[in-house]
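Please read the structure below before turning to the comments.
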Amino acid sequence: MTCQQQHRYDPEFESLPHDQSKFNGRHKCAGCAYETGYSLGLAKAPSINIDFKSLPNSQAGAVRHRSVQAAFAKGYLDGVLASY
């Protein structure tokens, strides 16, 4: 499946590092990774994990070739901070 959400064009994702590693979520949507991390952070999940295969693909806009690990981690941190 391919991500169709507007977050693909959010300029905030342009600050994430580039990553095209085939082992680390290549061509997966960094926006969806961020949202997954954010949800877990908001819930203050004590154990976090991301399944790259579950993320939709995306080759569009600001999320193109961006690190899904960095997006997930940023989302988790932002979610934890928002929970206070």
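The values are calculated or read from the model by the stated rules, or taken from the named source; none is laboratory data. This is a predicted model, so every value here is computed, not measured. No Cβ is skipped: glycine too gets one built from the backbone with ideal geometry, and neighbour counts run over all protein chains shown. Accessible surface is based on the protein model in full, side chains and every heavy atom, while ligands, DNA and RNA are left aside. Shrake-Rupley method; radii C 1.70, N 1.55, O 1.52, S 1.80 Å.
When the label point is put 7 Å from the Cα of Met1 along its Cα-to-beta-carbon vector, which residues of region 29-55 have a backbone N closer than 20 Å?
Zone members listed by number: 29-40, 49-55.
Ignoring any ligand, DNA or RNA, what whole percent of the accessible area of the chain comes from carbon and sulfur when the probe is 1.4 angstrom?
Working: 2670 of 4950 Å².
Summing carbon and sulfur atoms, their accessible area is 54 percent of the total for the chain.
Computed from the mean reciprocal separation of all distinct C-alpha pairs, what Kirkwood hydrodynamic radius does the chain have, in Å?
Working: mean 1/r = 0.0807 Å⁻¹.
Evaluated over the chain, this radius sits at 12.4 Å.
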